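Engineer: What follows is a single structure, and I will ask about it in a moment.
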Amino acid sequence: MKLGAHVDQEDPLAEAADRGADLVQFFLGDPQDYKAPKLAYADGEDALKERAAAAGVDLYVHAPYRLNVANTNNRIRIPSRKLLQQTLDKAAEIDVKGVIVHGGHVGDEDDPEAGFDNWRKCIERAELPVPLLIENTAGGENAMARQLERIERLWEAVQASGNDRLENVGFCLDTCHFHAAGEELPTIVERVLAITGRIDLVHANGSRDEFGSGADRHSNFEDGHIDPADIVAVVQAAGAPVVVETPNADNGQKTDLDYLRAHLT
């Protein structure tokens with residue numbers, strides 16, 4: 001099982017070495033912007049790809065937070081689709097193992113079915129040179145991937161897309177997000193697998209807020225409202241690569257990775 005962290009994008013390999021990580025996740029540019037993705041690594045795509053392979057470090061890219069392909073507003077949905085495809089294409093240049101994207105949401109007055117159908121259309125038209133991993137989200141009453149019943153509907157829509165590379169659409173399970181959404185962690189892997197049949201990546205995060213809060217606020221394992229043993233159990237049951245997205249003050253990410261290494265069997 002490979003363990004790693006979300007790191008600064010300027011030199012992800014140095015960040016991996018600092019944490020003793022097997023993999024790293026990073027952005028390609030400003031996560032709050034619609035600008036086209038750009039690799040920050042000074043030596044370029046080929047150098048990063050070759051050096052990562054030589055070091056045995058897997059690369060993952062997190063799509064910008066601004067992306068919302070579910071939205072019914074054309075001024076949001078259309079730029080989101082474009083940026084998602086650009087991110088997939090740029091990520092393919094560095095041979096990433098996956099691009100992670102949030103499930104998004106529709107407006108409070110919108111029918112969620114419109115959002116699910118927008119996801120179907122997005123996947124139908126997408127080129128998938130690398131795996132696209134849809135991540136569950138923490139809050140929002142009209143979110144596409146917050147509670148399991150919505151994730152089930154989203155997954156049905158994705159499967160109905162007919163994309164000839166549908167095997168490249170997977171799932172990223174975030175422990176903080178499910179905790180915040182009010183989904184019990186001890187059984188979450190079993191319940192997700194019953195819907196998706198796969199978990200391709202785990203975001204192992206503590207939560208600064210209480211169960212069901214709807215707040216996407218990560219904490220280090222031993223500082224939050226999730227029992228660290230529950231995080232370990234999710235990681236163990238999922239059997240997928242792991243990214244910690246926890247705070248890194250005082251080497252917090254390395255502490256969390258060491259916790260996982262010490263407690264996984």
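Engineer: Please list, by residue number, everything in region 32-70 whose backbone N is under 16 Å from a paramagnetic label point 7 Å out along Cα→Cβ of Asp8.
Structural biologist: Answer for region 32-70: 40-43.
Engineer: Which peptide among 5-14, 186-195 comes first, and what is the full order, when sorted by highest mean count of other Cβ atoms within 10 Å?
Structural biologist: By packing density, highest mean first, the sequence is 5-14, 186-195.
Engineer: Students often forget the sequence filter, so: which lysines lie under 18 Å Cα-Cα from Lys35 once same-chain residues fewer than 8 apart are removed?
Structural biologist: Lys82, Lys90
Engineer: When N counts the residues of region 165-259, how does its alpha-carbon radius of gyration compare numerically with 2.2 N^0.38 Å, as a ratio?
Structural biologist: On the way: Rg = 13.0 Å, N = 95, 2.2 N^0.38 = 12.4 Å.
Expressed relative to 2.2 N^0.38 Å, the Cα Rg reads 1.05.
Engineer: Would you work out the charge dipole size for the chain about its Cα centre, treating the Cβ of every Lys and Arg as +1 and the Cβ of every Asp and Glu as -1, and quote it to the nearest 20 debye?
Structural biologist: On the way: 26 positive and 47 negative charges, 136 e Å.
Its charge dipole is roughly 660 debye.
Engineer: Quick query: amide H of Phe171 versus all other amide H atoms, modeled in the peptide plane; which residues come in under 5 Å with a sequence gap of 5 or more or a different chain?
Structural biologist: Ile134, Asp200, Leu201
Engineer: When the convex hull of the C-alpha atoms of the chain is computed, what volume per residue in Å³ does it have? Numbers along the way, then the final one.
Structural biologist: Details: hull volume 29.9 nm³, N = 265.
Spread over its residues, the Cα hull of the chain gives 113 Å³ apiece.
Engineer: Using a 1.4 angstrom probe on heavy atoms only, work out the carbon and sulfur share of the accessible area of the chain in %. Don't skip to the answer; put the middle values down first.
Structural biologist: Values: 4900 of 11280 Å².
Carbon and sulfur atoms account for 43 percent of the accessible area of the chain.
Engineer: Among Asn205, Gly104, Val24, whose Cα projects farthest towards the positive end of the dipole of the chain, with charges put on the beta-carbon of Lys, Arg (+1) and Asp, Glu (-1)?
Structural biologist: Of the listed residues, the answer is Gly104.
Engineer: Put Thr265, Thr87 in order of accessible area, largest first, 1.4 Å probe: what do you get?
Structural biologist: Solvent-accessible surface, decreasing: Thr265, Thr87.
Engineer: A further question follows. List the lysines whose Cα sits under 20 Å from the Cα of Lys97, skipping any in the same chain fewer than 8 residues away.
Structural biologist: Cα-Cα hits under 20 Å: Lys2, Lys38, Lys49.
Engineer: Now for a different question. Can you compute the helix-only [θ] at 222 nm over the chain? Use -39500 (n - 2.57) per DSSP H run of at least 4 residues, normalise by all residues, nearest 500 deg cm²/dmol. Let's see the in-between values first.
Structural biologist: Working: 9 runs with 103 residues, N = 265.
The helix-only estimate for the chain comes to -12000 deg cm²/dmol at 222 nm.
Engineer: On to the next question. Helix by helix through the chain, keep the DSSP H runs that span 30 Å or more along the axis on Cα and average at least 1.0 on Kyte-Doolittle, and give those back in order.
Structural biologist: Details: long enough: none.
Result, helices passing both filters: zero.
Engineer: If you don't mind, there's one more thing I want to ask. So if I place +1 on the C-beta of Lys and Arg and -1 on the C-beta of Asp and Glu, and nothing else carries charge, what would the dipole magnitude of region 220-265 be about its Cα centre? I want it in debye, nearest 20.
Structural biologist: Numbers: 2 positive and 8 negative charges, 46 e Å.
That gives a dipole near 220 debye.
Engineer: Taking region 1-40, which trypsin sites (Lys or Arg not before Pro) meet the DSSP loop condition and have no more than 15 other C-beta atoms within 10 Å? Before the final figure, lay out the partial values.
Structural biologist: Details: sites: Lys2, Arg19, Lys35, Lys38; in loops: Lys2, Lys35, Lys38.
Answer by residue number: Lys2, Lys35, Lys38.
Engineer: Please go through region 107-190 and write out the trypsin sites (Lys or Arg not before Pro) that DSSP classes as loop and that have at most 14 other C-beta atoms within 10 Å. Let's see the in-between values first.
Structural biologist: Details: sites: Arg120, Lys121, Arg125, Arg146, Arg150, Arg153, Arg165; in loops: Arg146, Arg165.
Sites meeting the loop and neighbour criteria: Arg165.
Engineer: Next question. Asp108 label point, 7 Å along Cα→Cβ, cut-off 17 Å on backbone N: hits in region 136-158?
Structural biologist: 139-144
Engineer: For region 30-119, state the semi-axes of the equivalent ellipsoid (square roots of 5 times the eigenvalues of the alpha-carbon gyration tensor), sorted largest first and rounded to whole angstrom.
Structural biologist: Details: eigenvalues 190, 31, 16 Å².
Computed over region 30-119, the values are 31, 12, 9 Å.
Engineer: So, by mean Cβ neighbours within 10 angstrom, what's the order for 229-238, 91-100, 247-256 with the highest one leading? Write down the numbers at each step before the final one.
Structural biologist: Details: 229-238: 19.8, 91-100: 21.3, 247-256: 16.9.
Listed from highest to lowest mean packing, they are 91-100, 229-238, 247-256.
Engineer: Here is a follow-up. Give, as a single signed number, the net charge of other residues whose beta carbon lies under 13 Å from the beta carbon of Asp230, with Lys and Arg counted +1 and Asp and Glu -1.
Structural biologist: Once all neighbours under 13 Å are counted, the net charge is -4.
The values are calculated or read from the model by the stated rules, or taken from the named source; none is laboratory data. Note that this is a predicted model, so its numbers are computed, not measured. With ideal geometry, Cβ positions are generated from the backbone for all residues, glycine too; neighbour counts draw on all protein chains shown. Protein only, heavy atoms only, side chains kept; ligands, DNA and RNA dropped before computing areas. Shrake-Rupley method; radii C 1.70, N 1.55, O 1.52, S 1.80 Å.
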